[in-house]
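Let me begin by presenting the structure, written as structure tokens, before commenting on it.
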């Protein structure tokens, strides 16, 4: 389903039906997912529609820019160790409209097939609301349904000398970089600073340094997805997330 | 005789005489600075609209607006023959005089300043102050404006806001709500709890952490009372609170679990000599329950 579409077109997959039709005077965008229906009128010719995965933080309502991934089993990381694991994360499908050449991008619609649930990270008085997702820990890249779940390659670095017991990781959507091509991919890191705090962030897909040698064989040239958060003017929004209430 | 009106001396000071031209300059500079500050704040308000939250932006703009005016006013004072340093020295005495003369206004002004610095409430917050509930629409130098849930505008003096108890409904990111669900004694409470938990699990805004709790809280006169406690994001709690209550009612009824009406069993005894069968059986129970008779005898 992901890709570029020139109107008029119609696409249907896994219960999602998206179409753009010409009614003579204008274009009509229609989307159906179960009982949820969206219809919008497009005034403008020569436009292109882009359907790609976006940050999983826009539906059912954008109330937080943070994603918390809870591990199915607690993971213990030795002091000073660095390991790579794979997780899954929820996907939302973004529909954008643009001029030819990806200019003047505008979000048209966002939908999701993934389970929606929120949680609080931290204390009631000063915690942070997060979208919740539970994932198994994989040692090799899993193959989930790309319309529902993506693959996250997470590099864990324990910069402390103590063992770290990790059961969850929180990310800020402002730094998310999604890539797609058959699957949906995201590369992230988690630096454990001490017994209770860690810092998380995202990395671009291009390979660098130590990761380069280990990934060369798995390397797959994926296309960078347009994000909802990257369309917004970021201002002073932090790209990293500081986990101060444990992990 | 050439008379220049602008050179007309209004009064003399220790340094130089103050002319009508000086006074006009002073007024013009102040007017220009008011105009300039307004245009600047208007421009900044528009350009900061999407980048900074409204409460922070408004506070910064107010400091900028009044700060500019104060600086320009003090800088322009020499034009009308007033020395700012002397004015500041005299400020102590003037302050006392002003304080007595306008206790309430100064009190509100100082409270307004502390409200902006301490920020117990922000523009856009839902609050309850002195029995008035609603959204904070503006925190001004002297007063705070609240739009009640009915859409009425209430102006509260800052001194009252600062010295009274403030309940900030959206002060924390999450809040809890509670429902009591009454089911019949003949219904399976465990099944009801399972169904309610399943409904909560399907509701996106019912938070996983802090976790919800569903338990039998009371064995009432005519019903088993199940308490449902759910945490929700502070801006979504009312929607989920109303939605989930109706969903619980519908789901329980779907599975044959009913919410009973209050009941009272009344026995009308028509024949005083006739002993009801129920009371006959009570005799048996009585002998069973009579511990002393059974064990200690």
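Values in this text are rule-based calculations from the coordinates and carry no lab data. Keep in mind the model is a prediction, meaning the values are calculated, not measured. Cβ: placed from backbone, ideal geometry, glycine included. Neighbour counts: every protein chain shown.
Could you grab the relative contact order for chain A? Cα pairs under 8 Å, six or more apart, rounded to a whole percent.
19 percent
Calculate the spin-label point distance for residue A:100 paired with residue B:113, positioning each point 7 Å from the Cα along the beta-carbon direction, and give it in nanometres. With each label point 7 Å from Cα toward Cβ, the separation is 6.4 nm. For the protein assembly as shown, taking Cα atoms only, Rg and Dmax work out to 34.1, 136 Å respectively. When A:132, B:172 are sorted by how many other C-beta atoms sit within 10 angstrom of their C-beta, beginning with the fewest, the order is B:172, A:132. With the helix formula -39500 (n - 2.57) applied to DSSP H stretches of n ≥ 4, chain A reaches a computed 222 nm mean residue ellipticity of -1000 deg cm²/dmol. Taking 0.36 nm per residue of separation and subtracting the Cα-Cα distance, full extension of the segment from residue B:178 to residue B:229 would add 17.9 nm.
Potential lengthening of the chain between residue B:20 and residue B:85 amounts to 21.1 nm, from the contour at 0.36 nm per residue minus the alpha-carbon distance. The mean number of partner chain beta-carbon atoms within 10 angstrom of a residue's beta-carbon across peptide B:125-138 is 0. Computing FRET efficiency as 1/(1 + (r/R0)^6) for residue B:70 and residue B:103, where r is the C-beta to C-beta distance and R0 is 22 Å, gives about 0.50. Shielding by partners for peptide A:107-119, expressed as the average number of C-beta atoms from other protein chains within 10 Å of each residue's C-beta, is 3. Modelling each spin label as a point 7 Å along the Cα-to-Cβ direction, I'd like the residue B:222/residue A:245 distance in nm, to one decimal. About 4.3 nm separates the two model spin labels. Over all directions, the projected convex hull of the C-alpha atoms in the stretch B:115-168 averages 3.1 nm² in area. As a proxy for reagent exposure, B:234, A:54 were ordered by neighbouring Cβ count within 10 angstrom, fewest first; the result is B:234, A:54. Take the Cα of residue A:155, step 7 Å toward its Cβ, do the same at residue A:126, and the gap between the two points is 3.2 nm.
Taking the beta-carbon count within 10 Å as an exposure proxy, list A:243, A:1 from fewest neighbours to most.
A:1, A:243
Within 10 Å of the Cβ of each residue in B:198-205, the mean number of Cβ atoms contributed by other protein chains is 3.
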